[in-house]
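Enquirer: There's a structure below that I have some questions on.
Just so it is clear, none of the values below were taken in a lab; they were calculated from the coordinates. In this text the structure is predicted, and so the values were computed from the model without any measurement. Glycine gets a Cβ as well: all are built from the backbone with ideal geometry, and neighbour counts include every protein chain shown.
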Amino acid sequence: MSDSRSLTIVWEDPDIVSQAARSMKGLEFLQKIASGEVPPPPIMRLINFQGAEVSEGKVVFTCAPSEQHYSVLGMVHGGVAATLLDTSLGCSIHSMLPLGVSYTTLELHINYVRPLTINTGVIRCEGEVIHVGRTVATAQGRIVDATGKLYAHATTTCMILRPTEAS
């Protein structure tokens, strides 16, 4: 086909990223990804989003919607927004965790407000912690454009994974 496009994606060994995650506090780990000292996980390369801000309890990613993000409906697939939200919400929780403690998403609830397209421009996906307890954490987030217009918002519940304590 003459209308064909292609995309080449290059990523680093994900074991490097997971080893780094296990060797430092959550905030330090995320800051090292943002600074380029630790490579980003492959999903960031695949969807082409970047870490823009990292602080305790808050993480922001940016992404410019592109054709490769499109669904059959002629707009960005909702899974792209879901991945951005799941990542920013989870990372906001991760930023609060001590060395050796991790998390996994238990529940993600998303409200899509309007469609994303290549004409939307760069979007910001902001995740912010609501609560971090011993076994459960919650966070909220939103996707906005450069003018602050809302495209989606979400909440998550994550399970806190602590190393097995000695008896």
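Enquirer: Taking the mean number of other Cβ atoms within 10 Å as a proxy for protection, how do you rank 4-12, 39-47 from highest to lowest? Don't jump to the answer; show the numbers that get you there.
Expert: On the way: 4-12: 8.2, 39-47: 16.2.
Per-residue Cβ counts within 10 Å, averaged per peptide and sorted highest first, yield 39-47, 4-12.
Enquirer: Just to check, using Stokes-Einstein with a Kirkwood Rh over alpha carbon pairs, what's the diffusion coefficient of segment 14-161 at 4 °C and 1.567 mPa s in µm²/s? Provide the component values of the computation, followed by the final result.
Expert: Numbers: Rh = 15.3 Å.
For these conditions, the coefficient is 85 µm²/s.
Enquirer: Using alpha carbons only, how many degrees (0 to 90, rounded to 10) separate the axis of helix 26-35 from the longest principal axis of the chain?
Expert: It is inclined by approximately 40 degrees.
Enquirer: If I take every Cα pair under 8 Å that is 6 or more residues apart in segment 29-167, average their sequence separation and divide by the length, what percent do I get for the relative contact order?
Expert: Working: 301 pairs, mean separation 33.6, N = 139.
Reported relative contact order: 24 percent.
Enquirer: Moving on to the next point. Could you order the peptides 99-110, 76-87 from most to least packed, using the average number of other C-beta atoms within 10 Å per residue?
Expert: On the way: 99-110: 14.2, 76-87: 20.3.
Going from most to least packed, we get 76-87, 99-110.
Enquirer: What whole number of Å gives the distance from the Cα centroid of segment 141-158 to the Cα centroid of segment 52-80?
Expert: 10
Enquirer: In the chain, if the dipole is taken from +1 on Lys/Arg beta carbons and -1 on Asp/Glu beta carbons about the Cα centre, which of Gly148, Cys63, Ala82 is farthest to the positive end?
Expert: Of the options given, the answer is Gly148.
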